[in-house]
Amino acid sequence: MSLSRYLFLLFCLSFFACQTTSDTDSAANDPDREEWIALFNGRDLEGWEIKITGFPLGENYKNTFIVEDSILKINYDEYESFDSEFGHLYTVEPYSY
């Protein structure tokens, strides 16, 4: 077998060996797969961490975040003024593809 033919065969084997992956690995890392995960249960803020500027993590200062009619809402009824009290919601469990 000539050297060029040997190198070609080696290249082909290497190429195909690198191309084989299991279906489960591909599916688990595919950002385009269409599998939905419910992040919000529609009842309460379970599974969410609240952070309001100037207040400890987990404190829902002045009931800023509420659930009403199965909808997650931001409520400013108990605020007299805004005073840069920004709020954020984070999921307790990390999600990634």
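Which of I50, I71 comes first, and how do the rest follow, when ranked by fewest Cβ neighbours within 10 Å? Mind dumping the intermediate values first?
Numbers: I50 18, I71 9.
Listing I50, I71 from fewest to most nearby Cβ atoms yields I71, I50.
Can you sort I66, I74 by how many other beta carbons sit within 10 Å, fewest first?
Working: I66 14, I74 9.
Ranking I66, I74 by Cβ neighbours within 10 Å, fewest first, gives I74, I66.
Every number here is computed from the coordinates shown, using simple stated rules; none is lab data. All of these numbers come straight from a predicted model, not from anything done at the bench. No Cβ is skipped: glycine too gets one built from the backbone with ideal geometry, and neighbour counts run over all protein chains shown.
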